[in-house]
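Read through the structure below, which is laid out as structure tokens, and then see the notes.
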Amino acid sequence: MDAGVPARRRREMAAATSGAGRCRLSKVGAGRRPPPARVRVAVRLRPFVDGAAGENDTPCVRGLDSCSLEIANWRNHQETLKYQFDAFYGERSSQQDIYAGSVQPILRHLLEGQNASVLAYGPTGAGKTHTMLGSPEQPGVIPRALMDLLQLTREESAEGRPWALSVTMSYLEIYQEKVLDLLEPSSGDLVIREDCRGNILIPGLTQKPITSFADFERHFLPASRNRTVGATRLNQRSSRSHAVLLVKVDQRERLAPFRQREGKLYLIDLAGSEDNRRTGNKGLRLKESGAINTSLFVLGKVVDALNQGLPRVPYRDSKLTRLLQDSLGGSAHSILIANIAPERRFYLDTVSALNFAARSKEVINRPFTNESLQLHVLAPIKLSKKELLGPSEAKRARGPEEEETGSPEPPAAPSSASQKLSPLQKLNSMDPAMVERLLSLDRLLGSQGSQGTPLLSTPRRERMVLMKTVEAKDLEIERLKMKQKELEAKVLAQEAADPKEKENYSPTMLRPLARRTVTVAKPLKKAVVMPLQLIQEQAAYPNAEIHILKKKGRKRKLESLDASEPEEKGEDCWELQISPELLARGRQKILDLLNEGSARDLRSLQRIGQKKAQLIVGWRELHGPFSQVEDLERVEGISGKQMESFLKANILGLAAGQRCGPS
Ligand code: ADP
Ligand code: MG
């Protein structure tokens, strides 16, 4: 394998670790602690791979610059999510780009007696193994780092130099929270210990001395075949374990005081982060997924805690993070490379990988200009934007008025769908100077009282048009309410005049009346309580799947929600008839939200506060997805009664939200 590292770069690295570098080292050794290092995060977007997608597949994610990318917001087509990282490598980036940009700079710290780790994260098929291992033609991080380290140590321990250096390697996997030695598979589950100086050790783990790259390959290649892999629907040989290559650089001073130093480098190809539901995992695979999810969840918590400077870092909560305790954060130098794929079928996994890795996330109030994302499989849960976003995000999403003069983003070809959604897209694709001139002209025409069509559509103008539409709708609803009252009065008058006639009125005959509005004061006193928005929606949508019927002498609650409740005899009342499809849709939406919503999304549901939202998210991370809404009972802290009341409170709202959302 040719690592392709230029000799000049190797000389630079050697220079960086000798001479002045050594002086700094002695100070470190003398007790001055270096400032704690953050875990740096890079994202690598792989190109489309042959046979992985249809020919017409278009990317669902796109790089913006060397640190950021954008992706459509699946919850709201009109928005784009922009993520910021320490580095972003696009689909054209080479193995050398990633290595030189994010990995090579940390290697020199090993010779200073510090630890380092490189972790490849992402769903199966997104390019983790390609990034870490690569191929003989395109060697990845592991062969390149090994070549460089071996070269460096040779140079550093040459005759006459003060330190003698040696390199050893160990190779292990963490599978279902068991630590297995890949160089000696028969040794079984190994324990992780910590010595009195906080160093993490694995007693019994095989360590092979290596002095050349051929040595490394001799041990590494056969051991790789011992890895636990399984077939999932996503990828035929998907990795189900975390593969951990440990390279230790030991240094001994040749003269008194004969100090010793050790630097550890972890190179980790993490197990796939994909969602259980889409892998079709069952039985053992589901159990594996549970273990994978748990350790990746804890890894995310550890990275967050380190990067936010939190006092407690939960290293001990999984084997993976416990192993990395002395090499992730603290004085160690760590880089997490989140691998993502461009194909639409990866969309949800991509979003979750980005959320895992992102340093910051921003909601941009404009549609992703790729028509392909308007997919029914990604159909958003049509909650209102206010419900979806927290107050701060909603504020940001509204965006500054400056958007009127276009953003500095590169112009993107407007799709027909996005044109339909927002004329702003046209504005974004114009030359800013042209936009400025048109806006001035527009303002001038406006100030002269021109009534013609505006030259440009701006966010403010769009909002005004929307507000006018809403006002017109409100007036229409008011008008319908009045008409309803009139008709009701007529019916009552007729009933009073001819009581026999009254018997001939069937609910079906009343239906057109009832479907239009229910704001009739008297009968509603005995009606079931119904969400206000449903009442209004009924007026606006005559073909609704909800009917309010006037019933004689019976009172019953929502059928499919509470089928066991006995019927009660009573006077005339109003009954809500809801199609089973609508209820099923409501249930499905609740389930989707439980499985895919963030804690903030969950708080937008009735009866779910901050604490419960966190309990739900935590449960999901530990146990995988909810298979039905009733699983909520299994969350510690949520009783069966609370689950039922939660279901009742949300089912209609969500079902109706979908029905009435913009088409
Ligand atoms: P993972 O380890 O995340 O499951 P792989 O590394 O096996 O994913 O990548 C899946 C497929 O995509 C492989 O065929 C691999 O060669 C290819 N691939 C991944 N990343 C790239 C890339 N940057 N350039 C070209 N091909 C890639
Ligand atoms: Mg892999």
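The values are calculated or read from the model by the stated rules, or taken from the named source; none is laboratory data. Treat the numbers as computed from the prediction; the structure is a model and nothing was measured. Every residue, glycine as well, gets a Cβ built from its backbone with ideal geometry; the counts of neighbours run over all protein chains shown.
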Every pair of residues 6+ apart whose Cβ atoms lie under 9 Å, when the first sits in segment 296-313 and is among the charged types (D, E, K, R) while the second is modelled with pLDDT of 90 or more and assigned to a loop (DSSP other than H, G, I, E, B): Lys301/Val313; Lys301/Pro314
Residue pairs meeting the criteria (Cβ under 8 Å; at least 6 apart or on separate chains; first within 15 Å of Arg44 (Cα to Cα) and within 12 Å of ligand 2 (Cβ to nearest atom), in segment 127-146; second in a helix (DSSP H, G or I) and of a type in the set (Phe, Trp, Tyr)): Gly140/Tyr99
Identity of the residue in segment 590-612, within 16 Å of Val351 (Cα to Cα) and among the aliphatic types (A, V, I, L, M), that ends up surrounded by the fewest Cβ atoms within 10 Å (Cβ to Cβ): Ala599
Within segment 281-311, considering residues that are closer than 21 Å to Trp619 by Cβ and outside any helix (DSSP H, G or I), the one modelled with the highest pLDDT: Lys282
Subset of segment 628-648 [polar (S, T, N, Q) and part of a helix (DSSP H, G or I)]: Gln642, Ser645
Selection status of Gln84, more than 20 Å from Leu328 (Cα to Cα), more than 16 Å from ligand 1 (Cβ to nearest atom) and touching a Cys at 6+ places or on another chain (Cβ under 7 Å): yes
Breaking point among (1) under 30 Å from Arg252 (Cβ atoms); (2) of a type outside the set (A, V, I, L, M); (3) within 12 Å of ligand 1 (Cβ to nearest atom), for Tyr99: (3)
Any hit, segment 243-255, residues being surrounded by 14 or more Cβ atoms within 10 Å (Cβ to Cβ), modelled with pLDDT of 85 or more, over 22 Å from Leu165 (Cβ atoms) and within 12 Å of ligand 1 (Cβ to nearest atom): yes
Subset of segment 105-149 [out of contact with any strand residue (DSSP E or B) (no Cβ under 9 Å at 6 or more places or on another chain) and away from ligand 1 (no atom under 16 Å from the Cβ)]: Arg108, Asp148
Residues that are farther than 20 Å from Phe356 by Cβ and either among the charged types (D, E, K, R) or in a strand (DSSP E or B) (or both), drawn from segment 100-126: Arg108, Glu112, Ala116
Any chance Thr153 is assigned to a helix (DSSP H, G or I), more than 26 Å from Gln251 (Cα to Cα) and of a type outside the set (Gly, Ala, Ser): no
Gln104 being within 16 Å of ligand 2 (Cβ to nearest atom) and of a type outside the set (Asp, Glu): no
Condition broken by Asp97, with the remaining ones in (1) surrounded by fewer than 16 Cβ atoms within 10 Å (Cβ to Cβ); (2) at pLDDT below 65; (3) in a helix (DSSP H, G or I) satisfied: (2)
Test: residue in segment 76-87 that is closer than 30 Å to Leu310 by Cβ, at pLDDT 90 or above and polar (S, T, N, Q): yes
